[in-house]
Amino acid sequence: DSGVTQTPKHLITATGQRVTLRCSPRSGDLSVYWYQQSLDQGLQFLIQYYNGEERAKGNILERFSAQQFPDLHSELNLSSLELGDSALYFCASSVALVHYNEQFFGPGTRLTVL
Amino acid sequence: DQQVKQNSPSLSVQEGRISILNCDYTNSMFDYFLWYKKYPAEGPTFLISISSIKDKNEDGRFTVFLNKSAKHLSLHIVPSQPGDSAVYFCAATHNAGNMLTFGGGTRLMVKP
């Protein structure tokens, strides 16, 4: 158990819909990362937050957004869903911003768009 | 443009023998490398890391080697155990942005 929790575990929805994925980092971790794992793209970085502020963006679509709340939990919002958005979405957390801190991953949310 | 590549999608090894997983990278800015292990229905779990100032890091049965001139790293598992069967991801990062860039993964199967 990494200490990172993600809900829901599974999500099935239809094209055009909007969903919210939730992540609670390990106790004491200020940095939260979101990654997407799809069959054809592997594990890809989406976005990072540190202590409530956006710090880095990867290949995140404009239809996707995220935020980190004062209690440090984070939410990833996916809107106007398309079939290709079906993937595993992982949240990870680390203590600080320094890049040599290992990131601890949650169990993931499996999103299926029908 | 894949900056981190794991060219072997799968590897099969006999229990007790050495498993060698390879990873190549192209971005010279990468200065910290990590290996993660992933079981089905779970998130990746950190295994071992190495800084670019080193060429070897050892932790129990796991050793990571880094060849900066070749932009190549490898993970050695000795001896391999059936419980090591999982997908192994190589990842890299640099101080200009501490997000991880992952390779495509190698599925390791250790046969009893």
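Just so it is clear, none of the values below were taken in a lab; they were calculated from the coordinates. Fair warning: this is a prediction, and the values are worked out from it, not measured in the lab. Every residue, glycine among them, receives a Cβ derived from its backbone with ideal geometry; neighbour counts consider all protein chains shown.
The table that follows gives values for the structure above.
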read-out	value
Test: residue in the range A:46-63 that is surrounded by fewer than 18 Cβ atoms within 10 Å (Cβ to Cβ) and under 11 Å from A:Tyr89 (Cβ atoms)	no
B:Ser69 vs. criteria buried (at least 20 other Cβ atoms within 10 Å of the Cβ), out of contact with any Phe, Trp or Tyr (no Cβ under 9 Å at 6 or more places or on another chain) and among the polar types (S, T, N, Q)	no
Candidate set: the range B:10-36, residues that are surrounded by fewer than 17 Cβ atoms within 10 Å (Cβ to Cβ) and within 14 Å of another protein chain (Cβ to nearest Cβ); chosen: the one nearest to A:Asn101 (Cα to Cα)	B:Met29
Among residues of the range B:10-52, those that are closer than 22 Å to B:Pro112 by Cβ and either hydrophobic (A, V, I, L, M, F, W, C) or touching a residue at least 40 places away in the same chain (Cβ under 8 Å) (or both), counted	16
The one condition in (1) surrounded by fewer than 16 Cβ atoms within 10 Å (Cβ to Cβ); (2) within 14 Å of chain A (Cβ to nearest Cβ); (3) within 13 Å of the chain's Cα centre (by Cα) that B:Ile53 fails to fulfil	(3)
Selected residue (criterion: surrounded by the most Cβ atoms within 10 Å (Cβ to Cβ)) from residues of the range B:91-112 that are farther than 24 Å from A:Asp40 by Cβ and in contact (Cβ under 8 Å) with a residue 60 or more places away in the chain	B:Val110
Checklist (1) free of Cβ contacts under 8 Å to residues at least 24 places away in the same chain; (2) closer than 20 Å to B:Phe33 by Cα applied to A:Trp34, failing item	(1)
Selection from the range B:1-59 of residues that are under 30 Å from A:His10 (Cβ atoms) and either in a loop (DSSP other than H, G, I, E, B) or in contact with an Asp or Glu (Cβ under 6 Å, 6 or more places away or on another chain) (or both)	B:Gln2, B:Gln6, B:Pro9, B:Tyr39, B:Pro40, B:Ala41, B:Glu42, B:Gly43, B:Pro44, B:Phe46
Matching strands (runs of 3 or more DSSP E) fully within the range B:66-106 where at least 1 residues are away from chain A (no Cβ under 14 Å)	B:72-77
